[in-house]
Structure formats: C-alpha cells, structure tokens
Amino acid sequence: MKRHAITAAAVTGLLTGAAMFSSPVVAQERFITIGTGGQTGVYYVVGQSICRLVNRLEDSDIKCNAPSTGGSVANINGIKSGALDMGVAQSDVQYQAYNGTGTFDGDAYPELRAVFRVHGEPLTLLARADSGIETLDDLEGKRVNIGNPGSGQRNTMEEVMDAKGWTEDTFSLASQLDAAEQAAALADNNIDAMVYVVGHPNGSIQEATTTVDANLIPLDGPAIEGLVEEYPYYSEVVIPGGLYKGNDEDVTTFGVAATFVTKASVDEDIIYQSVKAVFDNFDRFKRLHPAFANLKEEEMVTQGLSAPLHPGAARYYRERGWIE
Ligand code: GLU
C-alpha cells in the first residue's frame, strides 16, 4: 500500500511538472465575458450564476466571468464593441437596440441575438417617507436619481419623463448615480427618491428600506397606461407586499423582463454550452436568487425576446422540445 501511495505521489508530481512546462501550449481556454449591472442588483447574480454553472461544465474549455457594469444599454454597447460576449438587458432595451428605436433611434443592431428571458423587472420607485412623495406626480420639484447613463432604469425613466412631458428641470435635482450608490444616497438624504428597474427582492431596495423609512410608490395614471398600451414590451405588474421592511401592501407599477442576449457572431458552441449549463442544472440555477424562484423554462425561451434566438440556444431548445 505504502509503495503504491509513493508511486501515486510521484506520478502526481510528474504530471504537475509536465502541466507546468506545457501549459502555454496545452491551454486553449476560451474566455467569455458577460455584462451584468450594479453589485446590489439582480443582473450581477444572473451573470455570476451563469458563469458558475458554465465553469463547472466537465470537459469544457470555456472560462466565464461576469463583471459589474453600468447596466442594459452599456451591456448592449459592450456586445457591439466586442468588450462583452453576452449580457443581460431589459426587454425594452433589447427591442429598441434590435429595431433602432428609443435610445437606439436610427441605429438598429440586426446582429443582436436573444438567448433567454430571465425574471420580471418592475419599474421601482422608492421614496423617503419624509419626502412627502406618494404618487408619481409628487416627484415634481424633488431630488430624484434618474440613473446613470447606460442603465436600463435611466432608459425607462426617460420614457416616463417623455410621456409626462417632463425634463430634468422638472426635478430640483436629477442625479445620475449608479444603481449600487442609490440606496446610500437615499439613506443619507442626498436624494428624495430613487428609480430602479429590477427584480424583487433585491439587495439595493433591501439596503435602502432597512437604513431609512422609505416607501414603494405606485406608478399609474394615464401617462403610464398610455405607455403600456403603446409598447409591446411594457406590462402592468405588481410588486408584492411584504418583501421589504415597512412595505406590506402590494404596489402596482409597470415593468419589463430581464433578458440574456448576445450577437450572431459569437460561436454557436459557446452559446449552446452556456444554455446547456443553465438548463441542465435549472433547479440549482433557480436557487441562486429568490427572483429566479418562479422561472419556467418554456416561458424563458419564448417570451420577451424581440431579437431572433441565437442558433446555439435554438439548437439546445429544440433538443429539449421547447421550440419547433
Ligand atoms: N435593469 C437594470 C439595468 O438594465 C439592472 C437591474 C439589475 O442589475 O438587476 O440597468
């Protein structure tokens, strides 16, 4: 037995040595980067979770990483420029980028490809309790964080402002803080309200509501109804009561879906392996964030997607019988 052990150790040593010398030649790892969002949002967990499953694939040379980014619009621009291979983007931003509308007016990106839909994302307006804000209209004259350029919430908030006939001057302050900075700014009384298009529950709203008395504000009225009627990617949604401290009632607002996107030129096998990693381990994936708990595979591959499916994703979904 003893001799056996020594032999095994010697062999291990030899292998390690061989690997060390030959690694520049043998290593043919393919690195992929997924664009996410702020670290207290849900996109960051989407990207980290996909990478965790991709990096555990056996016999795979794909190495995945998912850094924090500015959000949806920044992710699509990163995919376009080649800085990112894939990314998470709101369904409204996906639609606008593919069709060249909204923020992407006149700049359609026909190479954009959908991979799957993830969780729902209500437009979430959170106001300090002492700000006197109880409705959307109460934002006039207040200090509002309308989001960093590049974020999905900035994009959606601009749609709301257009629908209301508002400009940045409508507010006494229109700050552009990153998603991860908003909760502290609200707690420190540097802003009266923050806007976040995000899945629930999430770390950012949790952070804000546990450090200051703050209320989720309903978004309704003719301007919002008009948006939901006009655009296919908006729908009325409810943020359930009881998810956050001091917010026990359901709150009606409107929302989009988080989607996972890439571009046509990303290798078919990379996308196939990535979706396989997620859907072969779907129960594990769903446990990685409470916002994923109600996800259903067949809805994820058919709803909220306006760009065509990437062929690597379509191949896997066909194998599973989810699409024709
Ligand atoms: N919807 C946000 C955006 O597009 C990100 C939300 C999140 O990080 O979960 O920028």
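The values are calculated or read from the model by the stated rules, or taken from the named source; none is laboratory data. Here the structure is a predicted model, which is why all the values come from computation and not from measurement. Neighbour counts run over all protein chains shown; Cβ positions are idealised from the backbone, glycine included.
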task: Kindly establish whether H310 is modelled with pLDDT of 95 or more, within 16 Å of the ligand (Cβ to nearest atom), surrounded by 13 or more Cβ atoms within 10 Å (Cβ to Cβ) and not hydrophobic (A, V, I, L, M, F, W, C).
output: no
- request: Just need a number here: residues in segment 191-223 that are over 26 Å from V118 (Cβ atoms) and surrounded by fewer than 18 Cβ atoms within 10 Å (Cβ to Cβ).
  value: 4
message: Any residue at all in segment 127-145 that's within 16 Å of the ligand (Cβ to nearest atom) and either touching a Cys at 6+ places or on another chain (Cβ under 7 Å) or among the small types (G, A, S) (or both)?
response: no
- request: Can you tell me which residue within segment 32-49, out of those that are assigned to a helix (DSSP H, G or I) and under 10 Å from the mean Cα position of the chain (by Cα), is surrounded by the fewest Cβ atoms within 10 Å (Cβ to Cβ)?
  value: Y44
